[in-house]
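Enquirer: One structure is given below, represented as structure tokens, and several questions about it will come after.
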Amino acid sequence: MRLLQAVPVLFGVSIITFALMVATPGDPIRLLVGDHASPETVAALRDQYGLDAPIHVQYLKYITNLATGDLGKSLRYRVPVSQLIAQHYPVTLFLVLYTIVLTLPPVFALSVWSAKRQNGPADQIIRLLGVLGLAVPVFWLALLLARFFGVTLGWFPVSGFGATIPAHFLHLFLPALSTMIWVVPILVRTLRSALLDEMNRDYVLTGMAKGLGERQIFRKHILPNSILPTLNLFAVIVAYLLGGSVIVETVYAVPGMGKLMVESILARDYFVVQGATLVFAMTTILVMLAVDVVSALIDPRVTP
Amino acid sequence: MTPLLKVCDLSVRFGQTVAVDGVTFDLARGAALGIVGESGSGKSVTCRALMRLLPPATNISGSVEFEGRDLLNLSEPELNTIRGKRIAMIFQSPASHLDPLMRIGEQVAEALVEHTDLKGRAVWEEVLRLLDVVRIPDPDRCARAYPHQLSGGMKQRAMIAGALACQPDLLLADEPTTALDATVQKSVLDLLAQLRREQNLSMIFVSHDLGAVARVCDDLLVMRRAKLVERGPVTRVIDAPQHEYTKQLIASHPDRLASRQVAAVSQGAPLLEAQGIQIRYGGKSLADVLTGREGGFVAVKHADFVVRPGETLGIVGESGSGKTTLARSLVGLVKPHKGEVLFDGAPADPSGRGRVAYLRDVQLIYQHPYEALSPRLTVQAAIAEPLRRHRLCPAAEVLRRVAELMAQVDLAPDLAKRLPGQLSGGQCQRVAIARALAFNPRVLIADEVTSALDVTLQAQVMDLLLKLQKERGLTMVFISHDLAVIRRLCNSVIVMRAGEIVEAGPTASVFDAPQQAYTRALIDAIPHLHGDAA
């Protein structure tokens, strides 16, 4: 059912990306062949790329190509867009997953700690650090971290992706860390307030009246109930991380989707931008879908 | 024989507020003690203090000896070997006291796993047996259900099953039937009385409802403003109350209120008439259209009734029977899917054009007085609002008119500048009534206006409505799940069940000779002071 709902969304995305690129000023063919090419060459290329057809024909062709998995060919690299995406997508996915793995343990530890001693010194410090983490811009923090850990201390590489899997972990540590620093406070805030809400619920009293220890009530009743509101925010953040990869990937020169996207926009590489946007949109839809399924698993009141 | 529980000089303070002040009582093994009082009298707090189920900042003093051990001085782990195992507790609203994410069976099993050596399969079998003990039909299916899939009565039974899991010696019941419908309430009370007999369970039963307590308990404590004001066997307290407050409490019980000479139903032309009203929530989905089904949820299937001038029509039914929805459609808050409302013989369209003029004649008073008043408007501003908005009187006279209305509903003039948060429930309800009266309406629709109030306040609000009706010749539609209230107020009554009117007629004939089994069950479920106690 939810999969069906995704179809019109995808359609919308395809129309918007298509329209945006058509509306963007600048001629890709000119960029491709340079200023000195003869009008004949330009016309021939235009015809070859199908850019002289009316817009609706172009769009129709775009859609039929999409259906067969053909995202077109990069104007710049002269390779299929799908190949470019296959190269860059895993890097971004790796970065996002890495960030999530780094994020979750501190989120749980800090929010539980802070909620259990509400308004205690630890709670105050955690909340203060949280505001600080939210207030610092990611790109600036990324630069600072790169300079300190990468250049001054030389602990981590500051650019690239590495060749082996351990090298990936090492190379992407700083990018993941800089992203994590603003994601953690957001999630801690939500989870902490959800925990505090759930701690005052009536079923906690029932648990106490049954003689269950405080720890058991927390683990079996309070925590599962608190995760639900946080989960939806988490989905939004994961989707945002995919799009937000642009900043850290640029700062740390990570060859991921963000970087590909920025470079392609600057080079007016139509088809790559279209393809990348579509892939971003699809990933977001998938993430939302996955979260819906997970919520339905946790909460019996939600029907998937 | 030493008593099972010996409470001595128990006091509870939240900061400066004294919630319980020097309460002393004993409970013998196998006895059942009722604690009655109004909201805020400290009865629930007393009950929770026995198990130390209060926020950590609470100051509890005195002693609570359970089999010689002082519960107030035990360490938390020691206390946890008593909680759930020797003393169990059930609460007011089963919906919020059960974890929504956990299956009923697992919640019942929790205490078993914690306090007994049963494992795996044996736990589950014991759970099924317990659900059977509390007379849940189809225990197997119910054990696998989640709380939201069960009705309120079933949830309360499941909670009782969870409390009985380790065969406790003492059951603390904190308003266990207040949130339930009358018929369900009766069945839960019967269950508790039966468990008492069969399992020799001692019980402390906290309730604001004397009738409910009389059904289960043999001794009674009456609390007021944190203090114990009277104690004694239930029948003695009810028949010969000694304390002034107890007398008032008993006099307010619908059983004891002098029954009013119900005026004959007037024969004039109907003032308000509903014709074939059908209301449904949610529209048709595509699947419904394709299969030709009626989509959504039908709250009211087909309702026809007339209200004549000066008449009071009662609408009774259990929760979910569609009575509130019907009332809301009369003032245009819900748009009927089919059917129409006639006012004064002419078709009225309460939700469409002519709404403003129509609402000047027909006003609704809501169930929850606190929620129906804006927390930021003073009493004066709340009553003045409709006067100003509808220009019902010259601007210079608004305040005088407000004072007049306040006097009519017996609100002291010095309350005019207060906010709803500073008023009691009964006062708030008076403000809501005054606000409705500001329109000088011909019809007043009262939706469960007394349900959220304590018995004494309930009696006062009823008297107020009766007085207003007499003075102003108001026509009223009075919705309630409480048949005792309906019987006292209404000339005629309609009984609703699952969206349909199953019985209608003059109050006396419906009550004395009910035609439907459902109506009879509702009437039987009215809690009386001299209940069929064990």
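Enquirer: May I ask you to derive the relative contact order of chain B, considering only C-alpha pairs under 8 Å and at least 6 residues apart, and to give it as an integer percent?
Expert: Once normalised by length, the contact order is 15 percent.
Enquirer: Need one number: convex hull volume per residue for the protein assembly as shown, Cα atoms only, in Å³.
Expert: So the per-residue Cα hull volume is 250 Å³.
Enquirer: What's the whole-number percent of alpha carbon pairs in chain B lying beyond 35 angstrom?
Expert: The calculated P(r) of chain B puts 43 percent of pairs beyond 35 Å.
Enquirer: May I ask which residue of A:V236, B:A513, B:A161 lies farthest towards the positive end of the charge dipole of the protein assembly as shown, with charges of +1 (Lys, Arg) and -1 (Asp, Glu) on Cβ and the Cα centre as origin?
Expert: Most positive-ward Cα: A:V236.
Enquirer: I've got another one for you. On a 0 to 90° scale, report how tilted helix A:223-251 is relative to the longest principal axis of chain A, with both axes built from alpha carbons and the result rounded to the nearest 10.
Expert: 40
Enquirer: Given the peptides A:4-13, B:128-137, arrange them by the average over their residues of other C-beta atoms within 10 Å, most packed first.
Expert: Top of the packing list down: B:128-137, A:4-13.
Enquirer: Give me the extension gain from A:Q118 to A:R46: residue separation times 0.36 nm, minus the current Cα-Cα distance, reported in nm with one decimal.
Expert: Extra length available between A:Q118 and A:R46 comes to 19.3 nm.
Enquirer: Take the alpha carbon atoms of region B:139-157, find their center, do the same for region B:334-405, and report the distance between the two centers in whole angstrom.
Expert: 41
Enquirer: Still on this structure, please answer the following. Could you size up the charge dipole of chain A around its Cα centre, putting +1 on the beta carbon of Lys and Arg and -1 on that of Asp and Glu, and report it in debye to the nearest 20?
Expert: Dipole size: approximately 880 debye.
Enquirer: Can you tell me the relative contact order of region A:214-263? Whole percent, Cα pairs under 8 Å, sequence separation 6 or more.
Expert: 22
Enquirer: Next question, about the same structure. How far, in degrees from 0 to 90, does helix B:152-164 lean away from the longest principal axis of the Cα atoms of chain B, to the nearest 10?
Expert: Its long axis makes an angle of about 10 degrees.
Enquirer: Right, next: Sorting check: for A:257-264, B:272-279, which peptide has the highest mean count of neighbouring beta carbons within 10 Å, and how do the rest follow?
Expert: A:257-264, B:272-279
Enquirer: What is the ratio of the Cα radius of gyration of chain A to 2.2 N^0.38 Å, with N the residue count, to two decimals?
Expert: 1.24
Enquirer: Taking a virtual spin label 7 Å from the Cα of A:L93 along the C-beta vector, which residues in region A:138-175 bring their backbone nitrogen under 17 Å of it?
Expert: Only A:165, A:168-169 fall inside the zone, counting backbone N under 17 Å.
Enquirer: Apply 1/(1 + (r/R0)^6) to the Cβ-Cβ distance of A:L132 and B:S351, taking R0 = 45 Å, and write down the FRET efficiency to the nearest 0.05.
Expert: 0.30
Enquirer: Can you find, among A:Q58, A:Y89, A:A115, the residue farthest towards the positive end of the dipole of region A:46-130? Put +1 on the C-beta of Lys and Arg, -1 on that of Asp and Glu.
Expert: Final value for the positive-end residue is A:A115.
Enquirer: Something else now. Averaged across B:156-169, how many Cβ atoms of other chains sit within 10 Å of each residue's Cβ atom?
Expert: What the average comes to for B:156-169 is 1.
Enquirer: Anyone know which of A:I126, A:I265, A:I217 comes out most mobile in the 10 Å Cα GNM of chain A?
Expert: Looking only at A:I126, A:I265, A:I217, the biggest GNM fluctuation is shown by A:I217.
Enquirer: If the elastic network links every pair of Cα atoms under 10 Å, which of A:E198, A:E214, A:E249 fluctuates the most in the Gaussian network model of chain A?
Expert: A:E214
Enquirer: Moving on. Sorting check: for A:107-120, B:22-35, A:62-75, which peptide has the highest mean count of neighbouring beta carbons within 10 Å, and how do the rest follow?
Expert: B:22-35, A:107-120, A:62-75
Enquirer: Taking every residue in B:99-108, how many Cβ atoms of other protein chains lie within 10 Å of its Cβ, on average?
Expert: Counting Cβ atoms of other protein chains within 10 Å of each residue's Cβ and averaging gives 5.
Enquirer: Can you tally the net charge around B:S63? Count Lys and Arg as +1, Asp and Glu as -1, for every other residue whose Cβ sits under 9 Å from the Cβ of B:S63.
Expert: Around B:S63, the surrounding residues sum to -2.
Enquirer: Averaging sequence separations of C-alpha pairs under 8 Å and six or more residues apart, then dividing by the length of region A:81-298, give the relative contact order as a whole percent.
Expert: Reported relative contact order: 28 percent.
Enquirer: Let me know the charge dipole size of the protein assembly as shown about its Cα centre in debye, to the nearest 20, where only the beta-carbon of Lys, Arg (+1) and Asp, Glu (-1) is charged.
Expert: So the dipole magnitude of the protein assembly as shown works out to roughly 1060 debye.
Enquirer: What trypsin sites (Lys or Arg not before Pro) in region A:186-221 are in a loop by DSSP, with at most 15 other Cβ atoms within 10 Å of the Cβ?
Expert: Of the trypsin sites (Lys or Arg not before Pro), not one in the loops of region A:186-221 has a Cβ with at most 15 other Cβ atoms within 10 Å.
Enquirer: To continue, here is another question. What's the average, rounded to a whole number, of partner chain beta-carbon atoms within 10 Å of each residue's beta-carbon in B:75-81?
Expert: Mean inter-chain Cβ contacts per residue within 10 Å come to 2.
Enquirer: Now a separate question. Where does helix B:379-389 land angle-wise versus the long Cα axis of chain B, in degrees 0 to 90, nearest 10?
Expert: Between the helix axis and the principal axis of chain B, the angle is about 30 degrees.
Enquirer: Hey, in the GNM for chain A with a 10 angstrom Cα cutoff, which one of A:P185, A:P90, A:P54 fluctuates hardest?
Expert: A:P54
Enquirer: What does the charge add up to near A:D123, with Lys and Arg as +1, Asp and Glu as -1, over the other residues with Cβ less than 9 Å from its Cβ?
Expert: My count for the surroundings of A:D123 gives +4.
Bear in mind these aren't lab numbers, they're just calculated from the coordinates by the rules spelled out. Keep in mind that what you see is a predicted model, and the values were worked out from it rather than measured. So basically every Cβ, Gly included, is an ideal-geometry build from the backbone, and we count neighbours across all protein chains shown.
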